[in-house]
Protein chains: 2
Amino acid sequence: MTDTFGRMWAELLPVGRSASSGGYRRFAWNSADAECRSWFEEQARARGLAYELDRNGNQWAWLGDPQAGGAVVTGSHLDSVPDGGAYDGPLGVVSAFAALDELRERGAEFDRPLAIVNFGDEEGARFGVACIGSRLTAGVLSKEQAYALRDADGVRLPDAMERAGYDPAAIGADQERLARVGAYVELHVEQGRYLTEEHPVGVASAIWPHGRWRFDFHGEANHAGTTRIEDRRDPMLTFAETVLAARTRAQLAGALATFGKVAVEPNGTNAIASLIRGWLDSRAADEPTLTALVEEIRQAAYESGERTGIKVELTRESYTPVVDFDGPLRDRLAGRLGGVPVLPTGAGHDAGILASAIPTAMLFVRNPSGVSHSPAEHAEERDCLAGVAALADVLEDLACLQR
Amino acid sequence: MTDTFGRMWAELLPVGRSASSGGYRRFAWNSADAECRSWFEEQARARGLAYELDRNGNQWAWLGDPQAGGAVVTGSHLDSVPDGGAYDGPLGVVSAFAALDELRERGAEFDRPLAIVNFGDEEGARFGVACIGSRLTAGVLSKEQAYALRDADGVRLPDAMERAGYDPAAIGADQERLARVGAYVELHVEQGRYLTEEHPVGVASAIWPHGRWRFDFHGEANHAGTTRIEDRRDPMLTFAETVLAARTRAQLAGALATFGKVAVEPNGTNAIASLIRGWLDSRAADEPTLTALVEEIRQAAYESGERTGIKVELTRESYTPVVDFDGPLRDRLAGRLGGVPVLPTGAGHDAGILASAIPTAMLFVRNPSGVSHSPAEHAEERDCLAGVAALADVLEDLACLQR
């Protein structure tokens with residue numbers, strides 16, 4: 001198992017990696033994404049698995065008859081955020097193949113079909129919507145909505161698919177496919193540092209509700225060198241007060257609130273800004289807390305704006321309710337793995353999207369620094385191998401004859 | 001006079017104007033700039049003035065013998081900041097031609113050469129350095145420095161000149177030309193609202209010392225949805241505290257400090273920023289005040305960064321010392337115009353660059369809202385005509401036989 005994991009990891013490591021940042025730029029339908037997809041197909045064929053591309057661009061590798069029903073599916077995604085790390089996504093796919101290798105070494109006999117999956121465009125780096133492959137499959141993103149998406153260069157999603165050699169005509173809900181799946185288990189590097197050296201693998205309890213809100217702060221463009229302070233309507237000040245208020249309120253609520261994206265107009269050194277857009281990412285353990293937190297931040301922004309003549313507009317760009325993973329499946333995993341931590345996560349995943357349609361569960365592998373969505377993201381090899389062993393145990397429990 | 005001013009104003013009004021913003025996009029050597037330059041040349045020829053293009057791309061229109069020495073020069077610039085207003089620059093050039101028309105109507109007899117000038121690339125919108133035409137002429141920007149400048153698309157300044165049909169080979173200090181000039185008087189729309197309906201025209205006393213400083217706030221990229229607050233190193237918070245500190249400190253110092261330009265990396269909605277660059281524009285009535293103010297803002301940024309693990313780096317990108325306009329010339333203008341306000345300005349001008357080489361002065365025309373560097377910049381026509389009359393009076397005093 002060590003061998004196959006290490007070999008697969010080494011094969012993927014250079015694909016789509018930026019020499020300057022050391023981070024990954026594997027975005028939906030770009031050339032790095034295509035290399036990852038070729039790699040997936042090779043892994044499937046090398047193991048004698050039936051390779052299948054679904055209507056939404058997700059890749060499947062089947063052991064046993066896909067039509068038999070009740071399949072146990074595992075996998076994750078191979079794309080990345082801009083300058084993301086090596087583990088977010090690929091660890092789940094590589095671990096899936098390695099776990100299958102491990103089960104074969106153990107001589108396990110399968111009594112259900114098993115599939116390994118690579119969901120397309122999980123990070124949403126190119127078209128601004130996360131989990132496009134699983135959203136389409138589950139029918140929570142319609143074909144029309146997907147067709148309306150454009151990347152930063154104005155390329156439409158179906159055109160991007162087509163240029164990459166894929167047929168976008170048939171994208172959309174795929175209930176028939178979901179009906180074949182009995183359980184989906186996704187392994188993922190932890191994006192935080194709850195797990196410990198003693199307990200490098202955990203089971204997910206839930207995904208926090210989360211959303212994106214855009215704050216538009218409307219001021220008045222003016223000359224930075226001549227406009228008296230009392231004549232200014234400078235939205236940068238309102239933005240700054242809102243950033244600080246968001247942090248304070250989040251801390252008090254035991255939740256998260258982040259401004260990580262900003263756009264300034266006209267963005268000139270000697271011009272007072274006319275408009276600042278700041279995007280708030282906020283998450284909390286439950287929906288009432290999240291709703292109250294965002295309302296408090298909105299209130300702080302409006303009050304700050306009123307004092308200084310800045311009009312503040314708030315737009316909710318996306319919202320994902322709390323996802324509680326399937327209780328029986330979660331308990332079965334935790335029971336099989338014996339005393340592992342059960343923890344919630346603030347990050348969205350394909351498993352969260354699919355949870356509304358089929359029983360899903362997640363395993364997390366320890367991340368010593370907790371760093372994620374960054375070139376500095378890291379997991380120790382021994383923890384990754386513990387993850388593979390745990391995934392093999394879980395798959396054996398779910399899909400194999402019990403000895 | 002009303003007629004020629006209004007006609008010229010109407011001709012220039014549509015040139016380089018954005019239909020979407022209503023602001024101007026007349027940048028060095030672009031097509032709108034070329035149209036403005038053609039217009040200038042036509043105005044010169046229509047009045048029988050000798051048209052001349054100098055080595056640095058500045059346009060001159062001469063009445064009388066340029067070689068005679070002691071010339072009285074007036075004018076301004078025709079380029080704009082991104083989405084700038086109609087008045088900043090063009091008002092000075094149009095008023096110069098209109099003042100000449102007025103003097104001819106008055107039957108004034110010139111006893112010195114008079115020139116009207118359009119300085120190139122005053123706003124620095126394209127290559128990031130303001131007053132390139134006058135800086136080159138005065139020798140405060142070298143040919144080598146100018147050749148090293150690139151625009152946002154990577155086009156080098158000499159290549160941009162060449163593409164526009166100008167020869168960049170001979171750019172550089174032009175002492176011989178400056179030696180011909182006895183006085184330069186620039187009329188400009190006020191960029192503030194000191195002037196009143198009773199006193200719509202003023203004389204400049206000085207240009208405040210000013211500069212640009214870049215603050216780099218180095219944090220750690222991380223997942224916005226999963227990183228615990230205590231594990232974050234989020235530079236957005238340090239930036240926000242610095243923005244607010246800058247405003248407070250500037251207010252206490254009776255000075256100006258503005259963050260109007262920001263760049264965020266990676267600038268993703270669900271990513272804690274790894275790096276925020278914020279550009280500070282700061283100005284004060286005197287250099288000790290400005291130095292102390294920037295030091296206080298630096299101190300506030302460093303202290304905020306130390307509390308939260310953010311490394312702060314400060315780079316001074318440009319600095320212009322105080323410019324005191326020529327005392328005797330200023331007093332002569334104020335005397336001729338009789339009891340007009342004498343006021344400092346926070347904005348840089350070609351007149352400020354040239355002040356180190358030749359006697360220069362400025363007239364300001366009332367700006368009711370004080371708005372500048374914005375499509376909303378405005379001056380009333382009657383105030384503009386008062387400006388033309390005042391400029392004619394001043395030119396008559398300086399360049400004509402006294403009757």
**OP:** Count, for each residue of B:211-222, the Cβ atoms from other chains sitting within 10 Å of its Cβ, then give me the mean as a whole number.
**Re:** 3
Original post:
Per 10 Å bin, what percent of the C-alpha pairs of chain B does each bin hold, from zero upward?
Top reply: 5, 21, 30, 24, 12, 6, 2, 0, 0
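Please report, as a whole percent, how much of the solvent-accessible surface of the stretch A:256-362 comes from carbon and sulfur atoms (probe radius 1.4 Å).
49
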**OP:** Kindly report the accessible area of the stretch A:210-320 per residue (heavy atoms of protein chains, probe 1.4 Å, no ligands, DNA or RNA), in Å².
**Re:** 37
Original post:
Can you work out D for the stretch A:3-154 in µm² s⁻¹ from Stokes-Einstein, where Rh is the Kirkwood radius over C-alpha pairs, the temperature is 25 °C and the viscosity is 0.890 mPa s?
Top reply: 152
Original post:
How large is the dipole of the stretch B:210-320 about the Cα centre if only Lys and Arg carry +1 and Asp and Glu carry -1, each at its Cβ, rounded to the nearest 20 debye?
Top reply: 200
**OP:** At q = 0.13, 0.16 Å⁻¹, what is the base-10 log of I(q)/I(0) for the stretch A:68-145 according to the Debye formula with one equal point scatterer per Cα and no solvent? Please give it to two decimals.
**Re:** -0.51, -0.70
**OP:** Just add up the charged neighbours of A:Gly133: K/R +1, D/E -1, any other residue whose Cβ is under 14 Å from the Cβ of A:Gly133.
**Re:** -3
**OP:** Mind checking which aspartates and glutamates have their Cα closer than 13 Å to the Cα of A:Lys261? Skip sequence neighbours fewer than 8 apart in that chain.
**Re:** A:Asp216, A:Asp281, B:Asp234, B:Glu265
Subject >> Pairwise label distance in nanometres, B:Arg104 with B:Asp65, each label 7 Å out on the Cα-Cβ vector >> reply: 2.2
**OP:** Starting from the Cα-Cα distance between A:Ser31 and A:Arg7, subtract it from 0.36 nm times their residue separation and give me the gain in nm to one decimal.
**Re:** 6.5 nm
Subject >> Unit Cα scatterers, Debye sum, the protein assembly as shown: log10 I(q)/I(0) for q = 0.10 Å⁻¹ >> reply: -0.98
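Could you order peptides A:248-254, B:74-80 by the average number of other Cβ atoms within 10 Å of their residues, highest first?
Going by the mean number of other Cβ atoms within 10 Å, highest first, we get B:74-80, A:248-254.
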**OP:** Can you tell me how much longer the chain between B:Ser38 and B:Thr291 gets when fully stretched, taken as 0.36 nm per residue apart minus their C-alpha distance, in nm with one decimal?
**Re:** 86.8 nm
**OP:** Kindly give the distances from B:Ala179 to its copy-mates, label point to label point, with each label point 7 Å from Cα along Cα→Cβ, as nm values to one decimal ordered shortest first.
**Re:** 9.5
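Show me you know the interface measure: the accessible area buried between B and A, both chains summed, probe 1.4 Å, in Å² to the nearest 100.
Interface between B and A: roughly 4900 Å².
From the Cα gyration tensor of the stretch B:210-320, with a ≥ b ≥ c the square roots of its eigenvalues, which class applies: rounded if a/c is under 1.5, or else prolate if a/b is larger than b/c, or else oblate?
prolate
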Original post:
Which residue is it, in chain B, that holds its beta carbon closest to the axis of the B-onto-A rotation, and how many whole angstrom away?
Top reply: B:Ala240, 2
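If each DSSP helix of 4+ residues adds -39,500 (n - 2.57) and the sum is divided by the residues in the protein assembly as shown, what number results at 222 nm, nearest 500 deg cm²/dmol?
Details: 24 runs with 288 residues, N = 806.
-11000 deg cm²/dmol, from helical runs alone.
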Original post:
Per residue in the stretch A:230-245, which ones lose no less than 10 Å² of accessible surface when going from chain alone to all protein chains (1.4 Å probe)?
Top reply: A:Asp231, A:Arg232, A:Asp234, A:Met236, A:Leu237, A:Phe239, A:Ala240, A:Glu241, A:Val243, A:Leu244
**OP:** Note the angle between two axes, namely the Cα long axis of helix A:2-12 and the longest principal axis of the Cα atoms of chain A, as a number of degrees from 0 to 90, rounded to the nearest 10.
**Re:** 40
**OP:** Starting from the Cα gyration tensor of the stretch B:155-285, take the square roots of the eigenvalues, sort them a ≥ b ≥ c, and report rounded, prolate or oblate (rounded when a/c is under 1.5, otherwise prolate if a/b is larger than b/c, else oblate).
**Re:** oblate
Original post:
Per residue, how much accessible area does the stretch A:336-403 show when a 1.4 Å probe rolls over the protein heavy atoms, in square angstrom?
Top reply: 30
Subject >> Carbon and sulfur %, accessible surface of the stretch B:86-168 computed with the full protein complex present, 1.4 Å >> reply: 41
Original post:
How far apart are the A:Glu317 label points across copies, placing each 7 Å from Cα toward Cβ, in nm, shortest first?
Top reply: 2.5
Original post:
If we hang a label 7 Å off Cα along the beta carbon direction at A:Leu252, how far is it from the matching labels on the other copies, in nm, shortest first?
Top reply: 2.6
Subject >> Inter-label distance, nm, simple model (7 Å from Cα along the C-beta direction), B:Arg45/A:Ala170 >> reply: 6.8
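Under the rule a/c < 1.5 gives rounded, and otherwise a/b versus b/c splits prolate from oblate, where does the stretch B:75-196 land using the Cα gyration tensor?
oblate
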**OP:** For B:Thr315, A:Thr269, B:Thr291, write out the residues from largest to smallest accessible area, computed with a 1.4 angstrom probe and no ligands counted.
**Re:** B:Thr291, B:Thr315, A:Thr269
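If the chain between B:Leu314 and B:Ala179 were fully stretched, how many nm would it gain, using 0.36 nm times the residue separation less the Cα-Cα distance?
44.6 nm
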**OP:** Would you give the gap between the C-alpha center of the stretch A:175-210 and the C-alpha center of the stretch A:222-284, rounded to a whole Å?
**Re:** 35
Original post:
For the stretch B:365-403, which residues drop by 50 square angstrom or more in accessible area between the chain on its own and all protein chains together (1.4 Å probe)?
Top reply: B:His373
Original post:
Relative to the isolated chain, which residues of the stretch B:264-278 have their accessible area cut by 50 Å² or more in the presence of all protein chains (1.4 Å probe, heavy atoms, no ligands or nucleic acids)?
Top reply: B:Asn267, B:Thr269, B:Asn270
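The values are calculated or read from the model by the stated rules, or taken from the named source; none is laboratory data. Owing to the predicted nature of the structure, the values given are computational and were not obtained by experimental measurement. Cβ atoms come from the backbone with ideal geometry, glycine included; neighbour counts cover every protein chain shown. These area figures cover heavy atoms from the full protein model, side chains too; ligands, DNA and RNA do not enter into them. Shrake-Rupley method; radii C 1.70, N 1.55, O 1.52, S 1.80 Å.
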